[in-house]
Amino acid sequence: GAGVNGLFVFVSQVNTLSQSISFFVYDIVLRQRLENLSFAGQGGGVGDGAIAAANGRFFYAGGILDFDPDSSVFEYSSHVYIFDSEAQLWTTSALSQPRRALSAAATNGVAIFAGGISTGTATSVTAQVDIYTVSSQTWQTASLSTARRNMAAAATNDLLVFAFGSGPSAPYNMV
């Protein structure tokens, strides 16, 4: 989940057939659930992505596009769905690499999407990091020190931390 402008947002429902995502939105000031936000994908991933919030925007990135049961191979998404909470509008962008099981955090107008699984098998773990600056709507890339997936992510002030996670064959206990 993520929070911005007095709202908490969680992915609440994923429909891989219609490629749609629904988000549970809770207003902490009104102390009530608001209308669900939803986005019908346009060929974008809907399951096992990452959510973050920065400068009044929610970001949902990556995820699973499709699964071939005959070959046991997944197809992943590079889509980033961006919801502007003030304008109530969706836009889209793209990660530098399609992936799922990535982690996200945001602070000071920057949303970061790190690691994940980059190809169709669980052993294809990546160190790729995508950095989105809200004010300029631009992307930069970087790399984790070690390729990982399913990391814990947290932010405070101007510090973002990605910790732990798993590699191709074992969990990591590093930050």
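The values are calculated or read from the model by the stated rules, or taken from the named source; none is laboratory data. This is a predicted model, so every value here is computed, not measured. Here Cβ is always computed from backbone atoms with ideal geometry, including for glycine, and neighbour counts include all displayed protein chains. The protein model used for the area step is the full one, side chains on, heavy atoms only, and it has no ligands, DNA or RNA in it. Shrake-Rupley method; radii C 1.70, N 1.55, O 1.52, S 1.80 Å.
For this structure, a couple of remarks:
- Karplus-derived 3J(HN,Hα) values for the range 67-84, using 6.51 cos²θ - 1.76 cosθ + 1.60 with θ = phi - 60°, are 9, 9, x, 5, 9, 6, 10, 8, 10, 10, 9, 10, 5, 10, 9, 10, 10, 8 Hz; glycine and proline are entered as x.
- For the range 44-175, size of Cβ-based charge dipole, Lys and Arg +1, Asp and Glu -1, in debye: 320
- On a per residue basis, the range 83-166 carries 46 Å² of accessible surface, using protein heavy atoms and a 1.4 Å probe.
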